[in-house]
Each structure stands twice: as structure tokens, then as C-alpha cells.
1. Could you tell me which residue of the range 1-13 is farthest from ligand 2 (Cβ to nearest atom), considering only residues that are of a type in the set (A, V, I, L, M), closer than 16 Å to residue 43 by Cβ and outside any loop (DSSP other than H, G, I, E, B)?
2. Would you mind telling me which numbered condition in (1) of a type in the set (Val, Ile, Thr); (2) surrounded by 15 or more Cβ atoms within 10 Å (Cβ to Cβ); (3) modelled with pLDDT of 85 or more residue 113 fails?
3. Return only the number of the condition from (1) away from ligand 2 (no atom under 16 Å from the Cβ); (2) closer than 27 Å to residue 50 by Cα; (3) not aromatic (Phe, Trp, Tyr) that residue 90 does not satisfy.
4. Please state which of the following conditions residue 138 fails to meet, knowing it meets all the rest: (1) assigned to a helix (DSSP H, G or I); (2) closer than 25 Å to residue 17 by Cα.
5. What is the one condition in (1) in a helix (DSSP H, G or I); (2) within 16 Å of ligand 2 (Cβ to nearest atom) that residue 225 does not satisfy?
6. Go through the range 141-155 and give me each residue that's touching a helix residue (DSSP H, G or I) at 6+ places or on another chain (Cβ under 9 Å) and in a loop (DSSP other than H, G, I, E, B).
7. Count, please, the residues in the range 164-204 that happen to be part of a loop (DSSP other than H, G, I, E, B) and within 13 Å of ligand 2 (Cβ to nearest atom).
8. Quick check, is residue 92 under 17 Å from residue 104 (Cα atoms) and more than 16 Å from ligand 1 (Cβ to nearest atom)?
Amino acid sequence: MRTIRGVMGVCHILVEPDGRGAILLDTGLVGEPWQIRWRLRQLGLGPHDVRAIVLTHGHLDHAGNLAWAKTWTGAPVYAHPAEQAHIDGKFPYAGAARWCGRLERTGRAVLRVGAPVKVDVPLTEGDELPFWGGLRVVHLPGHTLGHCGFFSARHSVLFSGDLFVSYFLGAHLPPRFLNSAPELIPASLEKAARLGARFMVPQHYDVLDGALHRARFERLLARRSQRQAARARPAV
Ligand SMILES: [Zn+2]
Ligand SMILES: [Zn+2]
């Protein structure tokens, strides 16, 4: 696995076990294309060795370079169908998330994001993708409706997208205005926990340490259940 650290988040190159190909997990926002090219070259791989572009979701910091990646590699794009509207810049943001829509519109104009790219392979819960020794699609809606994680049983790692972010102060949920369907987040947190992955790798973090992110995620869940318990306790 190789990390591509952009201005906002991290996207990943997952190299096939035989070393003969790789997939891109998200495409990043600014500065990633040259890093992706350079990393692949270091691995002795070229654009046509990229077997798939797999998206956790269609926010601009994950799909901003999608048009470039698709043109450069010709690889099929895998994403949940609900993410097409985000990729196209046409998602009808409502409530607090309208700010997310405003930010994205500005970002698309400033960065001259290329023409929208069609999702070639729509993902559904439980799909087993034939990459990296097997990646299971885990639908984790809430941040966006089609937000997906990818679970590798072989490596016991869950790539958790933007389900939570993990920095030195600990794990926390993305800010409220970035979540299109916040009411779905609690069930997605529980679902991710139930997988029992030893490692978790979100797409926004400080250091690449799957065990550390997993531990921070546990603490995030513990804090949430403590708060819920405190709320449920009758006032005296
Ligand atoms: Zn996001
Ligand atoms: Zn993000």
C-alpha cells in the first residue's frame, strides 16, 4: 500500500499481491496526479497497470482528480450509484450541508475539475471486488448516501473513507455541514465496528498506522456511548 498525501486528505494506491497491477482508492484534490504517477513509476507500474479506480464517495477531495485519472489510466470507475450526483457536481445539498455544496461549487470552478465521469461499475453492499486479495464493499451511508468502506479480510483492514477522521487529538466525525444524511451515521459506525477489523485506515489522518486509527475509533465510540448514557440518565 502506498499513500498519496494531498492538501486535504490521503488517497491510496493498493498494489496487487503479484506486483503486476494496482488500484487507486480515491483520486484526491490538488497535487495528487504527479505523486500518483511518481509512486507508480517507483513500483515499476504505468497508467495501464491501474486496474480500477475505486471511490469511497464523490466529494471533491476524493473525486477531484477523477477526470484526470480516468483519462490517464482508462481504468473502470467503481463507486456506489448514489455518488454519481456528487461526481457530477449536481447533488441537491439541503440543510447545514448546503455549505458543503457551496464549497464544492467554488472548488470545482477554481480547480477546473474536468468533465464529470460516469461510474462504470456500481457498487452494492457485500460486493467482493477482485483486488488486493479481495475487497468487500461495506456501505456506510451518512457522510454521503453512497459512502462506502472497503474491507480486506486478508489483511484485516477496513478502509473507512470519511466515516471518521483521525488526527493526533483523536478520531472525530466529519463536521456536521459535510454530512448529507447524519441520521444514518450511528448505524454506520456500529456496522464498521462489527466487522472487527484489526486495522482501520480513513482517508483523512496524520500518520499511516491502522492499529492507531482503530484504537482512536474505539475511543470515539466509547465517548459517544458515554454521552448517550449521560443523556438517558434521569436528572435528580
Ligand atoms: Zn467526504
Ligand atoms: Zn474527505
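The values are calculated or read from the model by the stated rules, or taken from the named source; none is laboratory data. This is a predicted model, so every value here is computed, not measured. Positions of Cβ are backbone-derived with ideal geometry, glycine not excepted, and every protein chain shown enters the neighbour counts.
1. Per the criteria, the residue is 13.
2. Every listed condition holds for residue 113 apart from (3).
3. (2)
4. (1)
5. Of everything listed in (1) in a helix (DSSP H, G or I); (2) within 16 Å of ligand 2 (Cβ to nearest atom), residue 225 misses just condition (2).
6. Within the range 141-155, 141, 142, 143, 144, 145, 146, 147, 155 qualify.
7. Total meeting the criteria: 8.
8. Yes; evaluated as a whole, the condition is true for this residue.
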